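J.: First the structure, which I've put down as structure tokens, then a few questions once you've had a look.
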Amino acid sequence: MWVATPTWLHRHHVEVVAAAGKNIVVEKPMAVSLVDCDAMIDAARAASVHLLAGGVRSLDPGFQAMARVVTDGSIGDLKAIQTAVFTGWMRRTRTAADLDPAQGGGMLINQAPHQVDVVRLLAAGAEVASVFARAGDWSKTYPGVGYYVADLELGNGVFATVTYDGYGHIAATEVVPHASCPRCAVQEPWVPTDAGRVVAVCTGGEVRQGPHGLEVFGENGMHEVSLPPGDVNTTAVDQLIAARDHAVPIHHSGEWGRATHAAVLALAASAELGIRIDVPNAVLHSKMNENRVPL
């Protein structure tokens, strides 16, 4: 069962679906609060069903392939990750709940999971240890946070820089020119623009998305890695089927989703307070961890 309802309803709907004995994919953001995340994980465990935290670009076959390149040792050890996103998120039609952080809305809470999840995937699943962020709310036409930049430190020593510009002045196709668009020479719809242009920096080279797959840069120049077909939803379903039929642990489990959400809440709190925040202590800072909209 796919739970793609408004974020503030995710906990309730996951609990209902779990009680019915159905395996679950829940869209990002996983929930409004970490308390809700814990309740959803507990509900799935109590009902002996699988819970997958879906809707994120780390499930994209391109990033799955990038993670394999990073971990196979061919370009050394991963040290840093850079991501940059340009979208028109702020210009799209939104409901009040879509824009209210207390209900799991707002650009930062909705879009940062894509980048945080990809960073964690490339860093072998490491959780974000601390974050220092800044956010911009400077449009009279489109109120709310429309820009953020953050420095992430992961538990395994990898660090990452993530930026997101949701005001739509620069199109993603200008930054990732091989994205699918009518005026692009190459049509490659697999490019995951929600996570932006991602570069993984290793001790012996770098890897990024390219017009025909992945571009891997090493001491002997650049070579390309082709990508398998597929999309984020197919990957999510494949993980659920493998878990159901072959008892393969789900990579993007509820616990994975909770760790990503904790990092996103810490990013939001850091941007609001102007301080570096340790993610395990984010609950002490974020207004969104305990407040829930009553059903």
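J.: Of SER253, SER58, SER74, which has the largest mean-square fluctuation in a 10 Å C-alpha GNM of the chain?
T.: Maximum among the listed residues: SER74.
J.: Expected output is a single nm value to one decimal: the length gained when fully extending between ASP231 and THR203, i.e. 0.36 nm times separation in residues minus the C-alpha distance. What is it? All intermediate terms of the calculation are to be shown ahead of the outcome.
T.: Values: separation 28, 0.36 × 28 = 10.08 nm, distance 2.98 nm.
Contour length minus Cα-Cα distance gives 7.1 nm.
J.: Could you work out which residue, out of PHE159, PHE86, PHE217, moves most in a Gaussian network model of the chain, that is, has the largest mean-square fluctuation with Cα springs under 10 Å?
T.: PHE217
J.: Which parts of the stretch 85-99 would a label at THR5 reach, counting a residue when its backbone N lies under 17 Å from a point 7 Å out along Cα-to-Cβ?
T.: Backbone N within reach: 97-98.
J.: Under 19 Å from a label point 7 Å along Cα→Cβ of ALA124: give me every residue in the stretch 193-234 with its amide N that close.
T.: Residues 200-207 fall inside that zone.
J.: Next question. Find out how many positive minus negative residues lie around ALA266, taking Lys and Arg as positive, Asp and Glu as negative, among other residues whose Cβ is under 10 Å from that of ALA266.
T.: 0
J.: Among THR141, THR83, THR71, determine the one that fluctuates most according to a GNM of the chain built with springs between C-alpha atoms less than 10 Å apart.
T.: Largest GNM mean-square fluctuation: THR141.
J.: Another question, then. Regarding the stretch 58-225, what is the average projected area of its C-alpha convex hull, in nm²?
T.: About 10.3 nm², averaged over all directions.
J.: Work through the residues other than ASN156 whose Cβ is under 13 Å from its Cβ and net out their charges, Lys, Arg +1 and Asp, Glu -1.
T.: Net local charge, ASN156 excluded: -1.
J.: Given the -39500 (n - 2.57) contribution per DSSP H run of 4+ residues, what per-residue ellipticity at 222 nm results for the chain, rounded to the nearest 500 deg cm²/dmol?
T.: Rounded to the nearest 500, the figure is -10000 deg cm²/dmol.
J.: DSSP H helices in the chain with Cα extent of 27 Å or more along the helix axis and mean Kyte-Doolittle hydropathy at least 1.6?
T.: none
J.: Work out, step by step, the length gained on full extension between ASP238 and THR161: first 0.36 nm times the residue separation, then minus their alpha carbon distance; give nm to one decimal.
T.: Difference between extended and current length: 24.7 nm.
J.: If I stretch the segment between SER139 and ASP278 completely, what's the gain in nm (0.36 nm per residue apart, minus their alpha carbon distance), one decimal?
T.: Result: 47.1 nm gained on full extension.
J.: Over the stretch 58-225, what is the mean sequence separation of C-alpha contacts under 8 Å (at least six apart), divided by residue count, expressed as relative contact order in percent?
T.: Relative CO of the stretch 58-225 lands at 30 percent.
J.: By counting other Cβ atoms within 10 Å of each Cβ, how are SER270, SER139 ranked from fewest to most?
T.: By the 10 Å Cβ count, ascending, the order reads SER139, SER270.
J.: So the label point goes 7 Å from the Cα of SER48 along Cα→C-beta, right? Which residues of the stretch 210-254 then have their backbone N under 20 Å from it?
T.: Only 240-250, 254 fall inside the zone, counting backbone N under 20 Å.
J.: For Cα pairs less than 8 Å apart in space and 6+ apart in sequence, what is the mean separation divided by the residue count of the chain, i.e. the relative contact order in percent?
T.: 25
J.: Oh, and also: Would you tally the net charge around ARG197, using a Cβ to Cβ cut-off of less than 13 Å, leaving ARG197 out, and scoring K and R as +1, D and E as -1?
T.: Value of the local net charge: -3.
J.: Determine, from the Cβ-Cβ distance of HIS246 and ASP38 and an R0 of 35 Å, the FRET efficiency 1/(1 + (r/R0)^6), rounded to the nearest 0.05.
T.: The pair HIS246/ASP38 has a calculated efficiency of 0.80.
J.: At what distance in angstrom do the alpha carbon centres of the stretch 93-133 and the stretch 225-266 lie from each other?
T.: 16
Throughout, read-outs are computed from the coordinates displayed, never taken from laboratory work. None of the values given here were measured: they were computed from a predicted structure. All Cβ positions, glycine included, derive from the backbone under ideal geometry; neighbour counts span all protein chains shown.
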